[in-house]
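Take a look at the structure below.
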Amino acid sequence: MAESSNSAASGGTGGSAKPKAVPKPQNPVFRMMGLPHINFKLPSRNWMIFWTITGSFTGAIMYDRREKRLAQQKWCDLVAHITEEPLPVEQMRRKLTIYLAAPPGDSLRVARDHFKEYIKPILTAASLDYTIVEGRREGDVRASTAEMIRKLRRKAGEPSSVAEEPSVESAVLETRERIGIQDEPGPKGDMVIGRHAWKEYIRGLHEGWLGPLDPPVEVSLPEVVPAPVEASTPESIDEAMKDIATGDKPSETPVSSEDEKKTDEKEKEKEKPTGPPNAYIYPAEYPSASLPPTLPVSFDNSVPVEFPHILGFLNTPIRIYRFLNQRYVADSIGREVAGLVLAANERSYRDESFSLDSELSGASIDSTPSPNDLANELSRGKYEQQTVLENEEKEWHKSVHKADDTGRERVLVDDMVLDPRIASRMKLALLSPEDEARSQRIAKHEEYILGKERPASVPFWKQLWIKYGNGEDEETIRRKPIYGNIDGEDGV
């Protein structure tokens, strides 16, 4: 009876549970081939979430990098015809000046990577030469820009007591002039990357053209150095007293060579400059400064290039969004760089300030207002140069805005001050409407580089075979030399 009750109980409980599904037998053909038996089924909920997030993020990155590459290729094709233009032997390629500076709170490497990633491909496609002016600290770009302008003024014949030091650059320029090599005729330009470098560039432009050629004389009071007090021990005091009693001079302690080396190293460290050189002129002195006779009617074209850069852990969502939308930055920067490279269209910077042109048009200035009042009015002027890339200042690191008690000039924190005589001579390079329309046709594959036809599209599998296999593209095969029967293998 007990056995029958147990069996009934087990049968009752077992009847409610569903039997396990029998796995589908493997195909005998696959079994004989030695292939494993894999039961295909949908992944679990957790795996579905993981693969969805990972796949979406990977797809967003791949799409953004593809569109970024196409945008850069569009602007490279727009300026690539400059490479085919003939250049005489006695001329050098047109040269641009690139201004780089370390972003606030970060190193110079970030600015270099930004230049190599977005700007350098377009300059390389156009085969243009460029000079890079770098600044590792605040004020380096300002000092370098001002010194370059002062050298131009000295070379133009303005009197100065500063003797030019020989350098490799000056030796190369003298050799080219002696041989008869000249620069390519055409507009040059300055490209400034980031708001922080733009403020220093404007500051150096004013300092170079409005400031003096000779460095200002620094008046410093003589320092009173107290005599060193040496610690003495009772033994040394007794020996000195004995020497005095016997009439001998106290013996001097010998100084070791290691101590001399340490003192020399400390003196060298004190002699090293702790920052960029001081400015030759300050914004409060702009109204009272006279224009140099070598001041040109208009300066070379300048283009401020955006440099989105933000730090901080709490700004991670913004950084991720920018990481997934680099195509917009590449297209915007490519348009500005192409406008400077082609140099087909330019305009003056807008001036919406009050009419100070009549008052500050020359060296004659009304003597009633003080220089400080005029400088304050200039800083409140609404020049376009003051508002360029202004939104980047909100993303600078908080260490830039901290108060500094050293008394040194803060170019990044102070307001940008422009003199109307300098601001009116600045030009902004733009992309002409014809080039803008041609870039759109290039993006739609309706047009290609000027004077060339677009090559036929290569299938994806063939691109992989050429890149990773042993295949060769048609252009390489066309340029490959064809040799005849050199060894006489055909019996001829």
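The values are calculated or read from the model by the stated rules, or taken from the named source; none is laboratory data. Here the structure is a predicted model, which means the values were calculated and not measured. Glycine gets a Cβ as well: all are built from the backbone with ideal geometry, and neighbour counts include every protein chain shown. Heavy atoms of the whole protein, side chains included, go into the accessibility calculation; ligands, DNA and RNA do not. Shrake-Rupley method; radii C 1.70, N 1.55, O 1.52, S 1.80 Å.
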Overall Cα dimensions of the range 98-159 - principal axes, largest extent first, Å:
43, 34, 9
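Would you please give the FRET efficiency between LYS382 and THR54, computed as 1/(1 + (r/R0)^6) with r the Cβ-Cβ distance and R0 = 30 Å, to the nearest 0.05?
Working: r = 50 Å, r/R0 = 1.65.
Taking R0 as 30 Å, the efficiency between LYS382 and THR54 is 0.05.
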Largest first, how would MET62, MET148 line up by accessible area (1.4 Å probe)?
MET62, MET148
Amide H to amide H under 5 Å from ILE193: which residues, 5+ apart in sequence or cross-chain, H placed 1.01 Å off N in plane?
TYR99, VAL305
Sequence-distant residues sharing a close amide H with GLY135 (under 5 Å, placed H):
LEU100, ALA101, ALA102
Any residue on another chain or 5+ positions along whose placed amide H is under 5 Å from the amide H of LYS427 is listed here as PHE299, SER302
